[in-house]
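Inspection log for the structure reproduced underneath, given as structure tokens.
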Amino acid sequence: MSTDRRPDHRSAHRSARAPGLRHVLTHLITPLLMCIGMGLAYLGAFAHPAPHHLPVAVVGSGRSAQLLAQSINDKAGGDLEVRTVGDRAAAVDRLTHQDIFGAYVIPEEGAQEAKGASGAADASVPKGTSGGAGRSGEAGASSGSDGSSTSRGSADRGAAGGDAAGGSAGSGKRVPELLVATAGSDTSATVVQKVFTPIAAQQGAPLKVTDVAPTAEDDPTGQGIFFLLVAISIGSYASVAVIGGAGAGLPLRLRTALAIGTSFVVGLIGTAFAGPVFHLVDHGLGGLWGMAWLYTAGVLLIGTGLHTFLERWTTLGVMTLFVMLNFTSSGGIFRPEMQNGFFAALHSFWNGAGFVEGVRSHVYFDGYGLAGHVWTLVGWLVAGLVVIGVAALAEKRRRTAEAEAAAHAAAVAAAAVAATVPEPARSGRPAGSAEPGGGHGAANAAAALEEELEEAVGV
């Protein structure tokens, strides 16, 4: 009679697969949390960009400039922060210091009409939207669909060309001019242009846009610096996973040395991308490499130290710090004036913002504000060293505890062995001592044993 044992085999196979399935499902928690975190961070930061107290200026010292600025402020409802600037040169200076992100120059003969032009301010303020912000690639164009014209040039050329900017082609009539600095933020410059174009149209003239701080020719939107940040960030936190995983058995001091060495290499790769490969910047590569190294060293040291505590959750931890919160607050796509309060607050001290704004200051704004951004990067590097120090203490305590546990386990095992092995029969005298005439006693005992054997076999 045969018995079908296949159901038993299937049941045993299923029970053997259950632990492996639970293991996979447990590890799937990490990518699912990454998905949720990325969605919340990126959509929360970029989904509805709108100006929040975006600083702009109206250029002019007369009452008409003050009335126009006040009218725009009243109708903006906090979206814009409009102030007046005495002359064009002062406006250029504030733009290059990034105190403002646009300056509207009223033509002299149009000053009397500026009061009437304030009626267009309500339609010009992009309340709750950023329809112009999405057209980041249009800021460098020579003309737009709204009839405005754009000229690219340095701050000095822009200031010197003020008179020429006021002339309208073929008529000699002075036209309003908008000064922007796309190197500071192309999206902010585009929003400012959207605000002031209807005001210029109210005066019956096209708006002339002058870029006083243009970006490099091969990076017309200025967003190449942001994507450079993405590249070196991925190189940094991916290296953390390798050092923490493949190098888990190495001493922490050696893992720290690997992190610092890797940061030098990642910084060099980023500098090559920015300079000879894609020409994102045309000067200042040495300073750019210095900031890239500070940034990557901070990321690698923090990640290497966190691996001691987070272990398999390290990837999620560094992605939260250096992707979800970092890219979104860096100002590479939208400046903090175009974001909500949470990401705008992060921009003031997060390391990605320190790198992006530091490179902008170094390359495009003659180093203005550079020291503050460098100190931000240094602060994150120091934080990385502190995390490494705390991790070293934790690993030392862990090794001490493991050594004590091993010694205790060895002692318990030795005691258990001693308790289970039978002791030799005792004769009431110390082991190894011989009875009197011990040699003859042994011989007699052997002879007696031999006699007993002979009797047993019948010899």
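The values are calculated or read from the model by the stated rules, or taken from the named source; none is laboratory data. Predicted model, so just to flag it, every value in this text is computed and none were measured. Glycine gets a Cβ as well: all are built from the backbone with ideal geometry, and neighbour counts include every protein chain shown. Please note that ligands, DNA and RNA were not included when accessible areas were found on the heavy atoms of the full protein model with its side chains. Shrake-Rupley method; radii C 1.70, N 1.55, O 1.52, S 1.80 Å.
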Using θ = phi - 60° and the Karplus curve 6.51 cos²θ - 1.76 cosθ + 1.60, what whole-Hz ³J(HN,Hα) does each residue of the stretch 255-261 get, with Gly and Pro shown as x? 5, 5, 4, 5, 5, 5, x
If amide hydrogens are placed 1.01 Å from N in the peptide plane, which non-local residues have theirs closer than 5 Å to the one on Val105? Val59, Glu177, Leu178, Leu179
For the stretch 247-277 and the stretch 224-246, write down the distance between their C-alpha centroids in whole Å. 9 Å
Quick check on the stretch 170-321: take the gyration tensor over C-alpha atoms, sort the square-rooted eigenvalues as a ≥ b ≥ c, and tell me if it's rounded (a/c under 1.5), prolate or oblate. prolate
Radius 15 Å from Cβ of Ala241, net charge of other residues (Lys, Arg +1; Asp, Glu -1): +1
In order over the stretch 312-324: 3J(HN,Hα) from phi, Karplus 6.51/-1.76/1.60, θ = phi - 60°, whole Hz, x for each Gly or Pro, gives 6, 8, 4, 4, 5, x, 6, 5, 5, 6, 10, 10, 4
Of the accessible area of the stretch 229-285, computed with a 1.4 Å probe and all protein chains kept, carbon and sulfur make up a percent value of 78 percent
If we sort 250-261, 293-304, 408-419 on the protection proxy, mean other Cβ atoms within 10 Å, highest first, what's the order? 293-304, 250-261, 408-419
Does the stretch 57-101 come out rounded, prolate or oblate by the C-alpha gyration tensor, with a ≥ b ≥ c the root eigenvalues, rounded set by a/c under 1.5 and, if not, prolate when a/b is larger than b/c and oblate if not? oblate
How much area per residue is accessible in the stretch 64-109 when the probe is 1.4 Å and only protein heavy atoms are counted (Å²)? 40 Å²
Residues whose placed amide H lies under 5 Å from that of Leu80, excluding near-sequence neighbours: His53, Leu54
Spelling it out for Arg335: with amide H atoms placed in the peptide plane at 1.01 Å from N, the residues 5 or more places away or on another chain with amide H under 5 Å from its amide H are Ser188
Can you pull the one-decimal nm distance between simple spin-label points at Ala257 and Ala414, each 7 Å off the Cα toward Cβ? 3.6 nm
With a 1.4 Å probe and every protein chain left in place, work out the accessible area per residue of the stretch 237-369 in Å², rounded to a whole number. 36 Å²
May I ask you to derive the FRET efficiency for Val265 and His23 from their Cβ-Cβ distance with R0 = 41 Å, giving the value to the nearest 0.05? 0.75
Calculated FRET efficiency for the pair Cys35/Ala406, C-beta based, R₀ 35 Å, to 0.05: 0.25
